[in-house]
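First comes the structure, then the notes that go with it.
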Amino acid sequence: MDNQVLMFKRGLLVEPSKINEAVAFYKHVFTAEEVPPPPFAAAELKIYDFHYLIMPLPSHMSINDEGDNRTIAIHEFQNNAAGVQRAISAGAVLEQVEGNIAAMYPGIPMAKIRDPFGFSWYIGKSTAVPRTSLP
């Protein structure tokens, strides 16, 4: 292939007034490393092997409190329960795992947290194999 993808970075759209708070939250909860961002992003964080661009939410968009349409990520901590507790103590809310995620990982302990900026993060085992078809 003559035009290979060199890196894939997820973008997290955050209200402009909360960008510093978001960076601090992700550094605390996920031990994210801050790296120099591209010019169009407010910050760039490396969480494990993944890069997340923290970008200001455009003024014509709004945060949808009901949906997870901005991003979805599944993470595993060395101690998942302690990781979930650290997120909650930093302001995240524990929510019920439902829908396609629950159906794809039946019987696998998985937690869903919604961070103070409206993003949902799923905490579970990386050894879990998702079902390829939903019931």
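Values in this text are rule-based calculations from the coordinates and carry no lab data. Please read all numbers here as calculations on a predicted model, not as lab measurements. Note that we place each Cβ from the backbone using ideal geometry, even for glycine, and neighbour counts take in every protein chain shown.
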Exercise for the section: Return the FRET efficiency for the residue pair N20, E95: r is the Cβ-Cβ distance, R0 is 25 Å, and the value is rounded to the nearest 0.05. Expected result: 0.50
Fill in the blank from the handout: Contour minus Cα-Cα span, N79 to K46, at 0.36 nm per residue, comes to 9.9 nm
Handout entry: Residue-by-residue Karplus 3J(HN,Hα) for segment 78-90, coefficients 6.51, -1.76, 1.60, Hz, glycine and proline x
Key = 4, 10, 4, 4, 5, x, 5, 5, 5, 5, 5, 5, 8
